[in-house]
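The values are calculated or read from the model by the stated rules, or taken from the named source; none is laboratory data. The structure displayed is predicted, hence computed values, not measured ones. In this analysis, Cβ positions are derived from the backbone assuming ideal geometry, glycine residues included, and neighbour counts consider all displayed protein chains. What goes into the accessible areas is simple: the full protein's heavy atoms, side chains included, and nothing from ligands, DNA or RNA. Shrake-Rupley method; radii C 1.70, N 1.55, O 1.52, S 1.80 Å.
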Amino acid sequence: MDIVILAVVIAVVVLGALGGLIVGSRRKKQLPPPPPAAPDITAPPAEPHVGDEAETPREEPRRTIEEVDLPDGSAPVTVEEPPAEAPEIEIPEPTAGRLVRLRARLSRSQNALGQGLLTLLSREHLDEDTWEEIEDTLLTADVGVQPTQELVERLRERVKVLGTRTPVELRTLLREELLTLVGRDMDRVVKTEPEDRKPGIVLVVGVNGTGKTTTTGKLARVLVADGQSVVLGAADTFRAAAADQLQTWGERVGAHTVRGPEEGDPASVAFDAVKEGKEMGANVVLIDTAGRLHTKTGLMDELGKVKRVVEKHAPVDEVLLVLDATTGQNGLVQARVFAEVVDITGIVLTKLDGTAKGGIVVAVQRELGVPVKLVGLGEGADDLAPFEPEAFVDALIGE
């Protein structure tokens, strides 16, 4: 029995020893080897460094705000700002004879109307077919039906009396008849200088796209060139940047611009413009109104309101209707409606160069019974000219 117990004890001891050996070997495999001992190196003497290698600065005593000497204020420091550059004032070219200088711009109208008529009238035999071609030429040039019939009838009579027709005689005949048709005796002066007061008041009206705001700016240049001082009223408060555009035109010639908020009351802006024109002693106040669709009754009524409000200061001296000459007979529909709302006193024909027909001058005057006073013959700042019938007709028929 004792032998059995001894054997069991020995077996237990052997098993325990074997287990300890196995666990110890596993631990030895999992644990990393101990780091090697760092060598003991003696550091060299310290040297000065700069930049990122500089040593940490030492604490130094600092002064409080009471210990710091502040400036006594006797010599304040001023920062000089560059002076704002004022826009350069331009000097517009004189308006006298401007249409004569711009007559080359009517070359296309000249070919369509004047030269076409001269060619037809120069034929040896003027039969009915030729006279029908003359009528077609006049109608195509936007002269209008009634004026065309009158002109053809007079030409028939004069050619019949004249008999033999030399080129010089034909040119003289056609020039005289066209001058009669255009109207050489109409008062074409833009009334800006009333005798009993200052300033003169000019209302500029028209449909969107006719160049109304640009025409107002160019008209300011015309008046400044003639020695008058001008105030501009930016009453077109509905079109984006219309006031900025007008103000830019004014700054070029030194004209003051009165403007209001976008989508504000245009009548209020027009009223203030006349008020400031009086206070400044200006010669003329030009009021640019919103371009209105003539089919919109409410907007046309508002245009009438602008005129009535302005007349609380003084009567309006001129109401200039701006028409696009390239629209031809369609522009007459616009002219009729505007004439019903405000009393039109004069016409400004823009874009008369290019593809426009010269006969529109005759048609619009006959339709409204008011003269064409200004014509636009290009995109340049000084391409707006007082209308001169003789220079206009001479441009149509050529040299």
Show the residues, 5+ positions off or on another chain, whose built amide H is closer than 5 Å to the amide H of residue 102. none
What do you reckon, how do 271, 387, 238 stack up by accessible area (1.4 Å probe), largest on top? 238, 271, 387
For the range 309-315, what does the Karplus curve 6.51 cos²θ - 1.76 cosθ + 1.60, with θ = phi - 60°, yield as ³J(HN,Hα) per residue in whole Hz, taken in order and with x for Gly and Pro? 5, 4, 6, 5, 7, 6, x
Compute, for residue 127, the solvent-accessible surface of its heavy atoms (probe 1.4 Å) with the complete set of protein chains present, and express it in square angstrom to the nearest 10. 80
Exposure rank, largest accessible area first [300, 280, 186; 1.4 Å]: 280, 186, 300
Using a simple charge model, +1 on the beta-carbon of Lys and Arg, -1 on the beta-carbon of Asp and Glu, nothing else, what dipole does the range 168-246 show about its Cα centre, in debye to the nearest 20? 280
Accessible-area value, residue 91, 1.4 Å probe, nucleic acids and ligands omitted, Å²: 150
In what sequence, largest accessible area first, do 313, 125 appear using a 1.4 Å probe? 125, 313
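Take the Cα gyration tensor of the range 272-383, multiply each eigenvalue by 5, square-root it, and list the three semi-axes largest first, rounded to whole angstrom.
Output for the range 272-383: semi-axes of 26, 18, 12 Å.
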The answer for GluC sites (Glu not before Pro) in the range 222-278 that fall in a DSSP coil and have at most 16 neighbouring Cβ atoms within 10 Å is 262, 263
Could you size up the charge dipole of the range 236-372 around its Cα centre, putting +1 on the beta carbon of Lys and Arg and -1 on that of Asp and Glu, and report it in debye to the nearest 20? 340
Could you do me a favour and compute the accessible area per residue for the range 273-399, 1.4 Å probe, result in Å²? 35
Give the accessible area for residue 210 in Å² (nearest 10); use a 1.4 Å probe, count only protein heavy atoms, and leave out ligands, DNA and RNA. 10
Accessible area per residue, Å², the range 131-261 with all protein chains present, probe 1.4 Å: 45
